[in-house]
Structure formats: structure tokens, C-alpha cells
1. Can you give the FRET efficiency for Met1 and Ser246, using 1/(1 + (r/R0)^6), R0 = 22 Å, r = Cβ-Cβ distance, to the nearest 0.05?
2. Rank these for me by crowding, Val105, Val172, going from fewest to most other beta carbons within 10 Å.
3. Using a Cα distance threshold of under 28 Å, what count of lysine pairs results for the chain when pairs must be 8 or more residues apart or interchain?
4. Points 7 angstrom from Cα along the Cβ direction at Gln111 and Gln91: gap in nanometres?
5. At Ala182 and Thr26, where each label point lies 7 Å from the Cα along Cα→Cβ, what is the point-to-point distance in nanometres?
6. What's the center-to-center distance, using Cα atoms, between segment 137-157 and segment 159-217 in Å?
7. Quickly estimate the mean residue ellipticity at 222 nm for the chain, helices only: each DSSP H run with n ≥ 4 gives -39500 (n - 2.57), and the total goes over all residues, rounded to 500.
8. Length gain on complete extension for the stretch Gln232 to Asn203, per 0.36 nm per residue less the alpha carbon to alpha carbon distance?
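Every number here is computed from the coordinates shown, using simple stated rules; none is lab data. None of these values were measured; they are calculated from a predicted model. Methodologically, a virtual Cβ is constructed for each residue, glycine included, from the backbone with ideal geometry; neighbour enumeration extends over all protein chains shown.
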Amino acid sequence: MQIKTEWIELAVAEKMMRVLLASPATTGTYPGILLFSDIFQLSDPMIRTCARLAGYGFVVAAPEIFHRLEPAGTVLPQTDEGRSRGMQNQQATPLAHFDEDCRAVLDYLRQHPMVATGQLGAGGFCIGGHLAFRAALQPDVKATACFYPTWLHNGQLGQGGNADSLRRAAEVQGELLILFGALDPLIPAEGRTTIETALQKANVKYETRLYPADHGFVRDDRAAHDPECADQAFTEVVQFFRRNFSS
């Protein structure tokens, strides 16, 4: 399916939040997906991923997650300095700000003429996987795909490093798909167990996938990239969204 992309701006927190919008070029209505980037923001690999997902029949909106702290258009480099700056940004951001941004994008998608009524989903990578989990706490999010959701198991997201995400798991009304890398040092086996135990206790409908891959294996410009695992994971996510939005 051919697509179109554009940059839009949404007013939030008395400033503008820059958002990449990728959608099918064919007129119609489709599910809307809020997609969160990794800690480096909307780099070329993230833009390609948004475009690829849109090509399967989704309206994809990806915000700059640090828009309150960085100039519009900022992409952090994949260097120690870039990672450090990303960490400083996430530690300086209150959870309420992440949640406010999430709601703003969901509201935009809900009102978009190409988004089918009642068909909102979320997804994300690394910190974005955790933010996607928090999007799943919103009652109108029907399906959420979390790629290696960093700090979900230990709550070290946002200002104060004491995120309540897993403690609020019972608020998830839709279905979750969580994709892990078995070689990921940021989410070790015990971390995966912590997440699954919390979801089971909360009676959340979820599935997990475990790939023989490292953290960030989907991103095609880093050493950890595993093309086979990335393609398998992407296929799983498309099938997951289609199944949830087919009813």
C-alpha cells in the first residue's frame, strides 16, 4: 500500500509538539496507532518504521517525546553523549507530562477523518515501549505493542524514577503484545518475569514474544540490529493489530 507522510504540530503544554504522521495514500478509514520512538527521538530508522507500518493500513502518529526540552526536529546521536542527553531528558520529565502528550496524540487520532471510530492502538520502542504501555492505560486504546519496554520492570522512568506503570496494570482494558530480546541487558530474564507476573495478577490480556536478539534489534542502523528477528517481530505486530481491529 502506498503511503503519504507529513509533519504536524499539536498544541500541548502551551507549546507545539512536532508529530510525524504517516498514513495510507488511499482514501478510507483505518486504525490509528500512536507510535513512540526510542530515546533518540525521530531518527531515520524510526521514520522508516512509521512509514512501513502505515503501508499495512494504519494511520501512524509519532511524537517527539522530548519536545518540552529539545528544539523541534532534534534527533539525538547514537553516541555516549546522545544517550546521556536522552537519559537526562527522560529523568527530567514528569510522568504527567508523558501522559499529557500521549493523550494529545490519541485525541488527534480519534478526530482524524481517516481513523476508524473506536480503533486506537499504541506501540513503541525502548523508552517508547514503556510509554506505549502507559498509553494502554487509556481506556480507548484497544491494542498495544511494546518493543523491549525499558524501565517497565523496575519503574525507573521519568522524574523521580518511580513510575507506577506496572502497579496500574489492572487499568489496561485492551490487549498487549510485548516483544523482548533474550540478550537484552536492560530487560534481563528476571525483569521479564516481573512484568509477566504483574500482568497475570492484574488479569491483563497479553502475549509475549522472545527473540534471540539484543536490545534495539529492530533498529536497522545499529550493531544490535537483527534483520530476521526484526522482520519476524514486525510481522507479529501487524498480525496482532489486524486481529484486534478486525472486530
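1. Numbers: r = 17 Å, r/R0 = 0.76.
Calculated transfer efficiency: 0.85.
2. Values: Val105 26, Val172 23.
The most exposed by this proxy come first: Val172, Val105.
3. Details: Lys4/Lys15; Lys4/Lys142; Lys142/Lys201; Lys142/Lys205.
Number of lysine pairs found: 4.
4. 3.7
5. 3.8
6. 7
7. Numbers: 6 runs with 82 residues, N = 247.
Computed ellipticity for the chain at 222 nm equals -10500 deg cm²/dmol.
8. Values: separation 29, 0.36 × 29 = 10.44 nm, distance 2.70 nm.
7.7 nm is the gain from fully extending Gln232 to Asn203.
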